[in-house]
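Since the structure comes first, as structure tokens, the remarks are kept for the end.
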Amino acid sequence: MRISSFERKTKETDISVRLCLDGTGNVSVDTGIGFFDHMLTAFAVHSGMDLELTCKGDLGVDCHHTIEDVGIVMGKAFAAAIGENKSVKRYGSSFIPMDDALAQAVIDISGRGYLVFDCPFTFATMGDMETQMVREFFYAFAINSGVTLHIRLLYGENDHHKCEAVFKAFAHAIGEASCKRDSVLSTKGVL
């Protein structure tokens, strides 16, 4: 099984994560940000990965450090779980509707971290999470995991629905891309 654990402690956050790529969607998440926990839970369930994550962050400042640092730690854990062999399907894509919203995520487990993010939100917050932090999470994840990730919101009215569609589309795309193969999918023979 492809499992990794990672911890990161700074003056702003103290994070521990355990990620199993070949899980069943078991999840235990506590970041102190209710809406973010809801999105990470949706990610784990829809990707089929097991995720155990705790974060104590400086939420008295705002949610920025917690969300960005969780993206860093999850990205590093994902890269470690994939490992050096990288015998995975490599590419994944998904369109996910959530009531009024439709989101698309496309991923390449390439070893080259990059993010294209085209997801407009209407309001500044969703519960206790700032909408601008959605991009920051995915940026931190993409750069630290070494994946190329394109996410776009095609349309939607309700920010909660839009954000949930984005996280679920990401989950399905990464679940597909991380499926095992017998060989590295590259004309070079390596990623």
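Just for the stretch 1-37: of the residues that are in contact (Cβ under 8 Å) with a residue 60 or more places away in the chain and in a helix (DSSP H, G or I), which one is surrounded by the fewest Cβ atoms within 10 Å (Cβ to Cβ)?
Only one residue fits best here, namely Gly34.
When you scan the stretch 73-168 for strands (runs of 3 or more DSSP E) that lie fully inside it, which ones turn up with 2 or more residues that are among the aromatic types (Phe, Trp, Tyr) and within 25 Å of Leu53 (Cβ to Cβ)?
Numbers: elements: 91-98, 101-108, 114-118, 148-155.
Strands (runs of 3 or more DSSP E) meeting the threshold: 114-118.
Give the residues of the stretch 80-102 that are closer than 19 Å to Ser178 by Cβ, in contact with a strand residue (DSSP E or B) (Cβ under 8 Å, 6 or more places away or on another chain) and crowded, with 19+ Cβ neighbours inside 10 Å, sorted by residue number.
Ala81, Ile82, Val88, Arg90, Gly92, Ser94, Ile96
What pairs come up if the first residue lies in the stretch 159-184 and is closer than 19 Å to Gly127 by Cβ and among the hydroxyl-bearing types (Ser, Thr, Tyr), the second is at pLDDT 95 or above and crowded, with 20+ Cβ neighbours inside 10 Å, and their beta carbons are under 7 Å apart, counting only those six or more places apart or on different chains?
Note: no pairs meet the criteria.
Taking the options Ile96, Ile15, Ile72, name whichever one is closer than 16 Å to Glu164 by Cα and not small (Gly, Ala, Ser). Give the steps one after another, and end with the answer.
Details: Ile15 fails: closer than 16 Å to Glu164 by Cα; Ile72 fails: closer than 16 Å to Glu164 by Cα.
Step by step, each of Ile96, Ile15, Ile72 is checked, and only Ile96 is closer than 16 Å to Glu164 by Cα and not small (Gly, Ala, Ser).
Are any of the residues in the stretch 134-150 free of Cβ contacts under 8 Å to residues at least 40 places away in the same chain and either surrounded by fewer than 22 Cβ atoms within 10 Å (Cβ to Cβ) or over 17 Å from Phe43 (Cβ atoms) (or both)?
Within the stretch 134-150, one or more residues are free of Cβ contacts under 8 Å to residues at least 40 places away in the same chain and either surrounded by fewer than 22 Cβ atoms within 10 Å (Cβ to Cβ) or over 17 Å from Phe43 (Cβ atoms) (or both).
The values are calculated or read from the model by the stated rules, or taken from the named source; none is laboratory data. None of the values given here were measured: they were computed from a predicted structure. Virtual Cβ from ideal backbone geometry, glycine too; neighbours counted across all protein chains shown.
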